[in-house]
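Have a look at the structure below before the remarks.
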Amino acid sequence: MTQELGTFAALGLHPNVLAAISAVGYEEPSPIQAQSIPVILAGHDMIGQAQTGTGKTAAFALPILSRIDPAKREPQALILAPTRELALQVATAFETYAKQMPGLNVVAVYGGAPMGPQLKALRQGAQVIVATPGRLCDHLRRDEKLLATVQQLVLDEADEMLKLGFMDDLEVIFEALPESRQSVLFSATLPPSIRSIAERHLRNPQHVKIAAKTQTVARIEQAHLMVHADQKTGAVLRLLEVEEFDALIAFVRTKQATLDLASALEAKGYKAAALNGDIAQNQRERVIESLKDGRLDIVVATDVAARGIDVPRITHVFNVDMPYDPESYVHRIGRTGRAGRDGRALLLVTPRERRMLQVIERVTGQKVAEVRLPNAQQVLDARIKKLTASLTPLVAEAEASHGELLDRLISDIGCSPRALASALLRKATNGQALNLADVEREQPLVPSSQPRERRERDGERSERGEYRERRAPVPLAEGRVRCRTALGTRDGIAAKNLLGAILNEGGIAREAIGRIQIRETFSLVELPEEGLDRLLGKLKDTRVAGKQLKLRRYRED
Ligand code: AMP
């Protein structure tokens, strides 16, 4: 059994933060969250040893937001991150968790973009600054009082920051911060250089670390597949075609993900159901009974809901979302290989989560082999194999009952036996693709094992739905700039809502607005550079789908 982690509410977070967590669908705190949140809320300094994938961002973001006073329009929290990409991801996470905190603003400060707009956002009273050290020092040179009101500091991925040579910059930043601040340091490793920073700049820090006991996993064949977050459903569907499973349990992180994946599977004809903490206990028991007796073959579950499931039919465990720690991984895959049978466990790993995979391998003392997504030929072979298996028992006896009818149809229709059998096959398989060209056509996925160029052509999306434009994929028209809002499909907005709001409240012509891109957690819109500040000013209080639009210029270089 994994440990009971309790609820977010019991940790003492602010009600507005709790409301936002419940909207994103997290069911319970991850181990690093359960341990860090009370320490940070109590105002202690802390050293947290955790890597990406453990839920570490929320582990500091939730208590920090709970302690911020949105009415005070001055910097109250500073998060330092090693890279622009991480800074943007952390800023997006803060915006998500602050959705129910009116007046709370987050500014991301990083290099490679003009200083002016960042400075302006800082001066306009953003309470949370997420910054890379180098750029923050540039700002400090212009305004040495910039950090005078900061009460909470987080160094995220501190070991990476030192590897990138930010030591001197960090010292400058420490100097500019009030002595009375709280300091929290997160790092995957604790080399002497990090310990020395902690000794000099943290006061009696509490250590939080997730115990990694060695675990044994017998009789379970393990594999992993590298995949991008937005390709997971497609990857699961394709894997299911070739994996020979009896019953399967798929683990995801949120309630919404259980519902989404279960309905995608049902739509493909699998007997699948969702299992999450919102489903009443008696209904949950019914789902498990159905899995036992074969009325269901796949259950898509969160860790909370899957606790204690013991179904001998389970031959496969799919870890669609990464578990928070190795212990939970071992617990999850222990759902298969029951009663001395062999089991198979597959883990989907996004590029950012590679490190977590290594930790799992180290703790379990086993290599988790890499597999590739099945190609069209393998999918086709698997389909034909299934079809052969389902037809073989019929051919022995169906001729007696249907042979005469077949002769009659051949003569009535006036076709060859091959033509008629083909028509019957198409009908019996509901038009499923059963030749190579058709199977290839139905697989739009670009597996992450394919060359970079191909994936990058259209830009990539990271786990949080952030759009990573390694090369500007869509060149901007002359005189236009891209602007960003933290509202996306998750907030129920579509391009037309955004367009309508900008036209109505901004009072500009339709032609002046360029491409609009709506993503899950944010959206981008191209607007004219000339008069941009005025336009953004007019849109300052605009609401879309009941939420504040907060459109900002988006720097992408
Ligand atoms: P991180 O380790 O901060 O990079 O987080 C990894 C992923 O876990 C992110 O996509 C988060 O949205 C997600 N996450 C963090 N905490 C929870 C939680 N308590 N329940 C479900 N998902 C979570």
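Coordinate-derived values only; no laboratory data. From a predicted model like this one, the values you see are computed outputs, not experimental measurements. Ideal geometry is used to build each Cβ from the backbone, glycine not excepted, and the neighbour counts take in all protein chains shown.
In this Cβ point-charge picture (+1 for Lys and Arg, -1 for Asp and Glu), the range 213-309 has a dipole of about 280 debye about its Cα centre.
Taking 18 Å as the straight-line reach from the Cα of residue 547, the lysines in range (excluding those fewer than 8 positions away in the same chain) are 99, 496, 538. Please say if the range 21-111 is rounded, prolate or oblate, where rounded means a/c under 1.5 for a ≥ b ≥ c the square roots of the C-alpha gyration tensor eigenvalues, and otherwise the choice is prolate for a/b larger than b/c and oblate otherwise? The shape class here is rounded. Taking a sphere under 12 Å around the Cβ of residue 162 and counting the other residues whose Cβ falls inside, with K and R at +1 and D and E at -1, yields a net charge of -4. Between the listed residues 154, 281, 116, the Cα displaced farthest toward the positive end of the dipole of the chain, a dipole computed from Cβ unit charges relative to the Cα centre, is found at 116. When both bridge partners sit in the chain, DSSP labels roughly 25% of those beta bridges antiparallel.
Proximity of backbone amide H atoms, modeled 1.01 Å from N, is registered between residue 185 and 46, 47, 48, 155 at under 5 Å, excluding neighbours fewer than 5 places apart on the same chain. When 489, 52 are sorted by how many other C-beta atoms sit within 10 angstrom of their C-beta, beginning with the fewest, the order is 489, 52. Pop the C-beta distance of residue 398 and residue 361 into the FRET formula with R0 = 60 Å and round what comes out to the nearest 0.05. Here the calculated transfer efficiency is 0.75. Quick one: angle between helix 281-293 and the longest Cα principal axis of the chain, in degrees between 0 and 90, rounded to 10, please. Its long axis makes an angle of about 40 degrees. Using Cα-Cα distances under 8 Å and only pairs 6 or more residues apart, what relative contact order does the chain have, in percent? Answer for the chain is 13 percent. State whether the range 254-365 is rounded, prolate or oblate according to the following rule on the C-alpha gyration tensor (a ≥ b ≥ c being the square roots of its eigenvalues): a/c under 1.5 gives rounded; otherwise a/b larger than b/c gives prolate, and the remaining case gives oblate. Prolate shape, in that a/c is at least 1.5 and a/b is the bigger ratio. Under the simplified labelling scheme, the residue 167-residue 371 pair shows an inter-label distance of 4.6 nm, with each label point 7 Å from Cα along Cα→Cβ. Spin-label model, residue 160/residue 289: points 7 Å from Cα along the beta carbon direction are separated by 4.8 nm.
Taking 0.36 nm per residue of separation and subtracting the current Cα-Cα distance, fully stretching the chain between residue 430 and residue 442 would add 2.8 nm. By the count of other C-beta atoms within 10 Å, a proxy for reagent exposure, 68, 410 are ordered fewest to most as 410, 68. As a proxy for reagent exposure, 175, 440 were ordered by neighbouring Cβ count within 10 angstrom, fewest first; the result is 175, 440. Peptide packing for 293-305, 510-522, 107-119 was compared via the average number of neighbouring C-beta atoms within 10 Å per residue; ordered from the highest value, the list is 293-305, 107-119, 510-522. Checked against a 27 Å cut-off, the cross-linked pairs 232/271; 72/163; 232/550; 72/209 give Cα-Cα distances beyond that limit for 72/163; 232/550; 72/209.
Which whole-number percentage describes the relative contact order of the range 139-255, with Cα contacts under 8 Å and a sequence gap of 6 or more? Averaging sequence separation for qualifying contacts and normalising by length gives 23 percent for the range 139-255.
Of the residues 351, 267, 57, the one whose Cα sits farthest towards the positive end of the charge dipole of the chain is 57 (charges of +1 on Lys and Arg Cβ, -1 on Asp and Glu Cβ, taken about the Cα centre).
Subtracting the Cα-Cα distance of residue 412 and residue 494 from 0.36 nm times their residue separation leaves 24.2 nm of extension gain.
Please give the helix 495-506 orientation as an angle from the longest Cα principal axis of the chain, in degrees from 0 to 90, rounded to the nearest 10. In the chain, helix 495-506 runs at an angle near 30 degrees to the longest axis.
Under the classification rounded if a/c is under 1.5, otherwise prolate if a/b is larger than b/c and oblate if not, where does the range 67-175 fall, given a ≥ b ≥ c as square roots of the Cα gyration tensor eigenvalues? Prolate is the answer for the range 67-175, as a/c is 1.5 or above and a/b outweighs b/c. Please give the calculated 222 nm ellipticity per residue for the chain, where each DSSP H segment of at least 4 residues contributes -39500 (n - 2.57) and the sum is spread over every residue; nearest 500 deg cm²/dmol? It lands at -12500 deg cm²/dmol. The magnitude of the dipole of the chain, with charges of +1 and -1 set on the Cβ of Lys/Arg and Asp/Glu and taken from the Cα centre, is near 660 debye. Placing pseudo-labels 7 Å out from each Cα toward the beta carbon at residue 354 and residue 278 gives an inter-label distance of 3.6 nm.
With contacts taken as Cα pairs under 8 Å at a separation of at least 6 residues, the range 220-365 carries a relative contact order of 34 percent.
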